[in-house]
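Quick notes on the structure that follows.
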Amino acid sequence: MNTKIQLSIRLDQSLMNALKESAKADNRSLNSYIEKVLKEDVGNIPNATTLAAMEEARNGNLERIEDIDDWFEKL
């Protein structure tokens with residue numbers, strides 16, 4: 001089963017030219033290159049668990065590691 005969808009978008013001509021050049025330099029089709037760039041950007045959006053951990057770290061609620069070997073043993 002193919003999970004890909006077809007999408008029609010409008011882009012500025014200079015952006016399209018830059019995408020084509022970058023795709024060629026990366027030895028990819030335009031479609032493959034755009035998909036790669038979107039995955040790199042969207043793939044960096046943290047999920048709920050990561051967001052909670054980030055908030056915990058910002059608030060200073062972190063476990064203090066006194067001995068790295070002991071800490072690895074706990075894992």
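The values are calculated or read from the model by the stated rules, or taken from the named source; none is laboratory data. As the structure is a computational prediction, the values presented were derived from the model and not from experiment. Note that we place each Cβ from the backbone using ideal geometry, even for glycine, and neighbour counts take in every protein chain shown.
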Subject >> Residue that is modelled with the lowest pLDDT, among those in segment 20-74 that are hydrophobic (A, V, I, L, M, F, W, C) and within 19 Å of residue 5 (Cβ to Cβ) >> reply: 42
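Would you tally the residues in segment 24-36 being among the charged types (D, E, K, R), in a helix (DSSP H, G or I) and over 13 Å from the mean Cα position of the chain (by Cα)? Step through it out loud before you land on a result.
Step one: filter segment 24-36 for residues among the charged types (D, E, K, R), giving 24, 26, 28, 35-36.
Checking the rest, the ones that are also in a helix (DSSP H, G or I) come to 24, 35-36.
In the following step, the residues that additionally are over 13 Å from the mean Cα position of the chain (by Cα) were identified as 24.
So the answer is 1.
Output the residue which, of all residues in segment 54-71 that are part of a helix (DSSP H, G or I) and surrounded by 10 or more Cβ atoms within 10 Å (Cβ to Cβ), is nearest to the chain's Cα centre (by Cα). Even if it seems obvious, please write down each step before you answer.
Of all residues in segment 54-71, those part of a helix (DSSP H, G or I) come to 54-58, 68-71.
So of that shortlist, the ones also surrounded by 10 or more Cβ atoms within 10 Å (Cβ to Cβ) come out as 54-57, 71.
On the way: 54: 16, 55: 19, 56: 22, 57: 21, 71: 29 Å.
Ranking the candidates gives 54 first.
Find the residue count for segment 40-53, including only residues that are of a type outside the set (Gly, Ala, Ser) and in a helix (DSSP H, G or I). Full working, then the answer.
First pass over segment 40-53, keeping only residues of a type outside the set (Gly, Ala, Ser): 40-42, 44-47, 49-51.
Right, trim to in a helix (DSSP H, G or I) and you get 40-42, 49-51.
So the count comes out to 6.
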Subject >> Given (1) assigned to a loop (DSSP other than H, G, I, E, B); (2) loosely packed, with under 10 Cβ neighbours inside 10 Å; (3) modelled with pLDDT of 95 or more; (4) not hydrophobic (A, V, I, L, M, F, W, C), number of the condition residue 14 does not satisfy >> reply: (1)
**OP:** Would you point out the residue of segment 37-53, among those that are surrounded by 10 or more Cβ atoms within 10 Å (Cβ to Cβ) and under 10 Å from the mean Cα position of the chain (by Cα), that is nearest to residue 20 (Cα to Cα)?
**Re:** 37
